[in-house]
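*Asks:* Okay, here's the structure, questions in a sec.
What follows is calculated from the coordinates using simple rules that are stated; it is not laboratory data. Everything numeric here is computed off the predicted structure, so don't read it as measured data. No Cβ is skipped: glycine too gets one built from the backbone with ideal geometry, and neighbour counts run over all protein chains shown.
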Amino acid sequence: MLKKIILTFCLLGSVVIAQIKVVTTTTVIYDLVKNVGCDKVEVDYLSRGDQDVHFLEVLPSYMMKLRKADIFFQIGLQLEMWAPQLVDGSRNSSLKIVYLSDSITPKEVPTTKVDASQGDVHPQGNPHYWLDPYNAKAMAEVIYLELALLSPENGSYFKKNLDAYLLKLDKKIAEWESKMSKLKQKDIIFFHSSWIYFTDRFGLNIAGYVEPKPGIPPTPSHNADIIQLIRKKNIKLIVTEVFYSDNAPKQIASMTGVKILKVPTQVYGLENIKSYIEMMDYIVNQIANNG
Ligand SMILES: [Zn+2]
């Protein structure tokens with residue numbers, strides 16, 4: 001069988017028997033699946049990189065993607081509240097659903113009963129764990145195990161891809177840790193509560209959030225509190241995801257001179273961000289160069 005030359009760092013597998021059909025909720029998972037599965041998987045994602053993954057319109061086209069899939073990888077921790085409806089609509093009784101959150105230790109798990117007054121708090125813990133690259137390694141390992149279960153004949157192929165990817169990621173992690181080391185305990189304001197895994201990993205301090213509560217849009221009185229906090233602690237940065245409105249950060253910046261960094265937290269969150277590693281490179285460089 002003739003094989004096309006694929007210009008990625010994927011190892012070339014033996015003869016393709018059947019591709020595993022994978023759907024992922026996010027583009028970060030999509031990228032990890034591509035790196036582990038390479039030419040033995042056909043992978044598609046649902047939420048675009050420049051969309052807020054908390055919300056997704058339930059479209060029949062997404063159900064169709066799931067109808068033909070073997071496996072559906074999700075972040076879990078109730079980030080994708082829209083996913084069960086899509087699974088129901090797909091009528092695919094053999095679809096395997098995997099929550100990658102099972103491979104990590106959740107942070108900010110509420111100790112009291114969660115209700116709507118606390119905003120969009122996730123009762124099982126903060127679901128934004130992929131922003132810690134060590135968690136991305138854990139995610140890639142689970143993806144490998146699941147692909148190998150579905151296609152044992154390709155198990156060693158997936159393992160080689162996994163090992164090559166983890167090696168590459170480890171080198172980048174060392175680079176990211178060294179770049180961030182000069183910012184230890186630096187106070188930063190973030191827009192949404194998506195950063196605890198990132199800040200814990202790299203030793204930054206979350207001074208506050210532009211959202212008064214997770215998922216609750218900014219208010220004038222909370223903006224005033226943030227402006228006071230920035231002045232008191234001489235904070236230099238607000239970090240926000242590309243899909244959030246600029247209005248409140250800009251207003252806060254006009255009063256304080258604080259710098260706003262808009263960063264992608266998914267692959268394709270910006271046009272030139274085509275992988276998890278490029279995304280993390282971008283975030284780390286932006287914060288390290290401006291912090
Ligand atoms: Zn969130």
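*Asks:* Choose one answer from Ala174, Ala207, Ala248: the residue with the largest mean-square fluctuation in a GNM of the chain with alpha-carbon springs under 10 Å.
*Replies:* Ranking Ala174, Ala207, Ala248 by mean-square fluctuation puts Ala174 first.
*Asks:* Given 0.36 nm per residue, what is the gain on full extension from Arg231 to Val109 after removing their alpha carbon distance, in nm?
*Replies:* 40.8 nm
*Asks:* With only Lys, Arg, Asp and Glu charged, each at its Cβ (+1 for the first two, -1 for the last two), find how big the charge dipole of segment 171-258 is about the Cα centre; round to the nearest 20 debye.
*Replies:* 380 debye
*Asks:* Moving on. Among the aspartates and glutamates, which fall within straight-line cross-link reach of Lys233, defined as a Cα-Cα distance under 14 Å, with same-chain neighbours fewer than 8 residues apart omitted?
*Replies:* Asp187, Asp225
*Asks:* Per q in 0.13, 0.26, 0.31 1/Å, what log10 I(q)/I(0) does a Debye calculation on the alpha-carbon atoms of segment 114-170 return?
*Replies:* Debye curve over Cα of segment 114-170, log10 I(q)/I(0) at q = 0.13, 0.26, 0.31 Å⁻¹: -0.48, -0.99, -1.16.
*Asks:* Oh, and also: Any aspartates and glutamates with Cα under 18 Å of the Lys172 Cα? List them, leaving off those in the same chain fewer than 8 positions away.
*Replies:* Candidates past the 8-residue exclusion: Asp31, Asp132, Glu141, Asp163, Asp200, Glu278, Asp281.
*Asks:* Using a simple charge model, +1 on the beta-carbon of Lys and Arg, -1 on the beta-carbon of Asp and Glu, nothing else, what dipole does segment 112-200 show about its Cα centre, in debye to the nearest 20?
*Replies:* Roughly 380 debye for segment 112-200.
*Asks:* Now for a different question. Please work out how much length the chain gains when fully extended from Ala116 to Glu177, using 0.36 nm per residue of separation minus the C-alpha to C-alpha distance, in nm with one decimal.
*Replies:* Fully extending the segment from Ala116 to Glu177 adds 18.3 nm.
*Asks:* Is there a pair in Lys40/Lys96; Lys34/Lys274; Lys34/Lys168; Lys186/Lys262; Lys179/Lys259 whose C-alpha atoms are over 22 Å apart, and which pairs would that be?
*Replies:* Flagged as over cut-off: nothing, all pairs pass.
*Asks:* Where in the chain is the longest stretch that carries no trypsin sites (Lys or Arg not before Pro) classed as loop by DSSP and with at most 10 other Cβ atoms within 10 Å?
*Replies:* 185-291
*Asks:* Could you check how many percent of all C-alpha pairs in segment 157-241 are farther apart than 19 Å? Spell out each step's value before the answer.
*Replies:* Details: 1821 of 3570 pairs.
Roughly 51 percent, once rounded to a whole number.
*Asks:* While we're here: Can you bin segment 90-133 into rounded, prolate or oblate? Criterion: square roots of the alpha carbon gyration tensor eigenvalues sorted a ≥ b ≥ c, rounded for a/c under 1.5, prolate for a/b above b/c, oblate for the rest.
*Replies:* On the way: a/c = 2.75, a/b = 1.48, b/c = 1.85.
Since a/c reaches 1.5 but b/c is at least a/b, the shape of segment 90-133 is classed as oblate.
*Asks:* Something else: Take the chain, mark every one of the GluC sites (Glu not before Pro) that falls in a DSSP loop and has at most 13 other Cβ within 10 Å, then report the longest stretch left between them, sites excluded.
*Replies:* 58-270
*Asks:* Let me ask something else. State the answer as a single residue: which of Leu56, His192, Leu162 lies farthest towards the positive end of the charge dipole of the chain, with beta carbon charges of +1 for Lys and Arg and -1 for Asp and Glu, about the Cα centre.
*Replies:* Result: Leu162, furthest along the dipole toward the positive end.
*Asks:* Can you tell me the dipole magnitude for the chain around its Cα centre, using point charges on the Cβ only (Lys, Arg +1; Asp, Glu -1), in Debye to the nearest 20?
*Replies:* 600 debye
*Asks:* When the chain is modelled as a GNM with alpha-carbon springs shorter than 10 Å, which of Ala116, Ala83, Ala136 fluctuates the most?
*Replies:* Checking each option, the largest mean-square fluctuation is seen for Ala116.
*Asks:* Here is a further query. Where does the chain land at 222 nm, in deg cm²/dmol rounded to the nearest 500, when only DSSP H runs of n ≥ 4 count, each adding -39500 (n - 2.57), divided by all residues?
*Replies:* Values: 9 runs with 117 residues, N = 291.
-12500 deg cm²/dmol, from helical runs alone.
*Asks:* Which residue, Tyr144, Pro127, Ala83, has the largest displacement toward the positive end of the dipole of segment 81-171 when charges sit on each Cβ (Lys, Arg +1; Asp, Glu -1)?
*Replies:* In segment 81-171, that residue is Tyr144.
*Asks:* Rounding to the nearest 10 and keeping the result within 0 to 90°, find how far the Cα-based axis of helix 247-256 lies from the longest principal axis of the chain.
*Replies:* So the helix axis and the longest Cα principal axis differ by about 40 degrees.
*Asks:* Compute the Kirkwood hydrodynamic radius of segment 14-127, taking the inverse of the mean of 1/r over all pairs of distinct Cα atoms, and give it in Å to one decimal.
*Replies:* With all distinct Cα pairs of segment 14-127 included, I get 15.2 Å.
*Asks:* Let me check the size of the chain from its C-alpha atoms; what are the radius of gyration and Dmax in Å?
*Replies:* 20.0, 68
*Asks:* Shifting gears a bit: Report the full-extension gain for the segment Leu145 to Gln251: residue separation times 0.36 nm, less the Cα-Cα distance, to one decimal in nm.
*Replies:* 33.4 nm
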